[in-house]
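Student: Structure provided below as structure tokens; questions to follow.
The values are calculated or read from the model by the stated rules, or taken from the named source; none is laboratory data. Since we're looking at a predicted model, the values are computed, not measured. Neighbour counts run over all protein chains shown; Cβ positions are idealised from the backbone, glycine included. All accessible areas refer to the heavy atoms of the entire protein, side chains included, with ligands and DNA or RNA removed. Shrake-Rupley method; radii C 1.70, N 1.55, O 1.52, S 1.80 Å.
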Amino acid sequence: MDAILKIENLRVEYRSREFGQAVKVAVNGLNLQVCQGEVVGFLGPNGAGKTSTIQVLLGFVPPTQGAAWLFGVDVRKPIARQRIGYLPELTYYYKFLNAEELLRFYARIFGIPPAEADRRIDAVLKLVELEPARKRQIKTYSKGMQQRIGLAQALINQPDLLILDEPTSGLDPIGRMKVREIIQRLKQEGKTVFFSSHELGEVETVCDRVAMLHQGELKVEGRIDDLVRQYQCNLEQIFLKLAGFAGAA
């Protein structure tokens with residue numbers, strides 16, 4: 001299968017004010033591919049380089065070295081991002097809008113005709129289970145509901161690839177469960193999903209493959225069942241070993 005997301009020898013450096021403008025390496029020599037229809041978990045401790053990688057894919061940060069492509073197009077070209085949906089770790093929307101108004105706003109950005117926008121708004125609100133709250137202002141939403149309306153806006157353009165940055169961050173168990181169920185439904189529909197996380201429950205449940213970063217470098221990559229057999233332990237123990245916890249069994 002052809003890769004729709006491809007990263008080659010990616011390196012991302014920042015100038016660190018904390019150390020007198022010293023160079024901080026956020027990502028170092030990353031190679032990774034995601035194919036059509038896969039759900040891939042991008043794992044690692046805080047500060048491992050996950051968000052920096054996603055920012056390169058979205059064109060927010062230029063690579064120091066290496067390159068990345070979406071659908072065969074260099075990510076430095078804006079056209080590369082026409083077929084993706086994105087949910088940031090920290091969502092912020094105009095909270096005086098209700099869900100329906102917010103989604104109609106994003107539909108206009110994508111140039112979706114009004115009649116088609118109405119159909120898509122109904123569909124995504126049903127998917128994220130926010131139909132009863134579609135007329136409520138977003139400022140009245142819980143954190144979990146705000147994440148779900150974030151997923152809805154990421155889906156309004158019917159993207160071929162979803163990039164989600166810590167989609168369950170800060171959610172309670174019920175909120176995490178609902179987001180996990182949505183990702184499972186997207187997987188069943190054949191969507192391609194690339195999401196960063198350090199919450200291993202949803203990863204084990206929904207992912208085809210995982211890639212684990214530590215200190216900016218790819219340490220582990222493969223199908224979960226294969227990794228469990230290779231390392232003779234579960235995903236959480238692999239993760240802990242990767243993060244340097246020597247006591248992990």
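Student: Under the condition of being under 13 Å from the mean Cα position of the chain (by Cα) and not acidic (Asp, Glu), which residue from the range 192-205 is surrounded by the fewest Cβ atoms within 10 Å (Cβ to Cβ)?
Tutor: 198
Student: Just checking, how many residues over the range 60-96 are open to solvent by 30 Å² or more (accessible area, probe 1.4 Å) and aliphatic (A, V, I, L, M)?
Tutor: 3
Student: What strands (runs of 3 or more DSSP E) lie completely within the range 149-249 and have 1 or more residues being hydroxyl-bearing (Ser, Thr, Tyr), in contact with a Lys or Arg (Cβ under 6 Å, 6 or more places away or on another chain) and more than 22 Å from residue 131 (Cα to Cα)?
Tutor: Strands (runs of 3 or more DSSP E) meeting the threshold: 192-197.
Student: Another question, then. Spot the failing condition for residue 126; the list is (1) more than 22 Å from residue 42 (Cβ to Cβ); (2) in contact (Cβ under 8 Å) with a residue 12 or more places away in the chain, and only one is missed.
Tutor: Unmet for residue 126, out of (1) more than 22 Å from residue 42 (Cβ to Cβ); (2) in contact (Cβ under 8 Å) with a residue 12 or more places away in the chain: (2).
Student: Right, next: Among 217, 189, which is in contact with a strand residue (DSSP E or B) (Cβ under 9 Å, 6 or more places away or on another chain), open to solvent by 50 Å² or more (accessible area, probe 1.4 Å) and more than 23 Å from residue 100 (Cα to Cα)?
Tutor: Going through 217, 189 in turn, just one is in contact with a strand residue (DSSP E or B) (Cβ under 9 Å, 6 or more places away or on another chain), open to solvent by 50 Å² or more (accessible area, probe 1.4 Å) and more than 23 Å from residue 100 (Cα to Cα): 217.
Student: Touching a residue at least 12 places away in the same chain (Cβ under 8 Å), open to solvent by 40 Å² or more (accessible area, probe 1.4 Å) and over 19 Å from the mean Cα position of the chain (by Cα): does that describe residue 237?
Tutor: Taking the combined requirement at face value, the residue satisfies it.
Student: Would you list the strands (runs of 3 or more DSSP E) that sit entirely within the range 32-124 and hold 3 or more residues that are modelled with pLDDT under 90 and of a type in the set (A, V, I, L, M)?
Tutor: none
Student: I'm checking my understanding of the structure. Among residues of the range 220-234 that are of a type in the set (S, T, N, Q) and either farther than 15 Å from residue 207 by Cα or open to solvent by 100 Å² or more (accessible area, probe 1.4 Å) (or both), which one is farthest from the chain's Cα centre (by Cα)?
Tutor: Ranking the candidates gives 232 first.
One line per residue, one yes/no per condition, for (1) among the hydrophobic types (A, V, I, L, M, F, W, C); (2) on the phi > 0 side of the Ramachandran plot; (3) in contact with a helix residue (DSSP H, G or I) (Cβ under 7 Å, 6 or more places away or on another chain):
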{"position": "74", "(1), (2), (3)": "no, no, yes"}
{"position": "82", "(1), (2), (3)": "no, no, no"}
{"position": "87", "(1), (2), (3)": "yes, no, yes"}
{"position": "95", "(1), (2), (3)": "no, no, yes"}
{"position": "104", "(1), (2), (3)": "no, no, yes"}
{"position": "114", "(1), (2), (3)": "no, no, no"}
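Student: Next up: Pick out the one residue from 184, 158, 137 that is more than 17 Å from the chain's Cα centre (by Cα) and either at pLDDT below 90 or open to solvent by 60 Å² or more (accessible area, probe 1.4 Å) (or both).
Tutor: 137
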